[in-house]
Amino acid sequence: MIQIQPTNMTFPLWGLVIFILWTIAIVIALIAVRIRHLSAGGSPKDFGTQNDESLLWRLFRVQSNLIENLPLYLGVLFLLTVRGVSGIAVDSLIVAYIVFRLLHSMIHIAGLNPMFRVLSLGMQLSCLVALIVMAVL
């Protein structure tokens, strides 16, 4: 039988906790908006109708985007953990990644200029690439 030794909470693991809690919060907000939409006489068909003006649609896209990006973060977390890579640079990149991940969601929810989302996404991807390089080299 393989025994797994418990590990202390690290910045990458705390980043995962924040990522998961944020995703849960978005799902709860999406459920609340859906219930409000249905109770006001809206149709379930509206849930799949692309409309950037609709909070319902923007929350749905944020939730989908979080689910799409979680495997990328988990992959980086796995590499860092297995390779035993840590330190101030890793912690700083994790904090930056999570901040830009949350910012990306908030920009989308608020319906702000999509260019801000693209910039935030670029920062997130830069952080992930830098973390992968650190984990591999």
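The values are calculated or read from the model by the stated rules, or taken from the named source; none is laboratory data. Predicted model, so just to flag it, every value in this text is computed and none were measured. In this analysis, Cβ positions are derived from the backbone assuming ideal geometry, glycine residues included, and neighbour counts consider all displayed protein chains. Remember, those area values only see protein heavy atoms, side chains included, never the ligands or the DNA or RNA. Shrake-Rupley method; radii C 1.70, N 1.55, O 1.52, S 1.80 Å.
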### Query
Once both axes come from the Cα atoms, what is the angle between helix 11-39 and the longest principal axis of the chain, in degrees from 0 to 90, rounded to 10?
10
### Message
Given the -39500 (n - 2.57) contribution per DSSP H run of 4+ residues, what per-residue ellipticity at 222 nm results for the chain, rounded to the nearest 500 deg cm²/dmol?
### Response
-27000 deg cm²/dmol
### Most mobile listed residue (ILE88, ILE107, ILE31) in the chain, GNM with C-alpha springs under 10 Å
ILE88
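How much net charge surrounds MET106 when only the other residues with a Cβ under 15 Å from the Cβ of MET106 are counted, with Lys and Arg +1 and Asp and Glu -1?
Details: positive: ARG58, ARG61, ARG101, ARG117; negative: none.
Net local charge, MET106 excluded: +4.
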### Summary
Here the gain from full extension of LEU55 to MET9, 0.36 nm per residue of separation minus their alpha-carbon distance, amounts to 13.0 nm
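Quick one: pull the percent of accessible area on the chain belonging to carbon and sulfur, 1.4 Å probe, ligands and nucleic acids left out. Working shown, then result.
On the way: 6110 of 8570 Å².
Ligands and nucleic acids excluded, carbon and sulfur reach 71 percent.
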### Query
Dipole of the range 1-62, Cα-centred, from +1 at each Lys and Arg C-beta and -1 at each Asp and Glu C-beta, to the nearest 20 debye?
100
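Could you do me a favour and compute the accessible area per residue for the chain, 1.4 Å probe, result in Å²?
Numbers: 8570 Å² over 137 residues.
Accessible area per residue, the chain: 63 Å².
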### Query
Tell me, what is the percent relative contact order of the chain, built from C-alpha pairs under 8 Å that lie six or more residues apart?
28
### Choice from LEU38, LEU72, LEU125 showing the highest fluctuation, given a GNM over the chain with Cα pairs closer than 10 Å
LEU38
### the chain, Rg to Rh (Cα coordinates; Rh as Kirkwood inverse mean 1/r)
1.07
### Task
Mind putting a number on the dipole of the range 41-137 about its Cα centre? Charges go on the C-beta only, +1 for Lys and Arg and -1 for Asp and Glu, and I need it in Debye to the nearest 20.
100
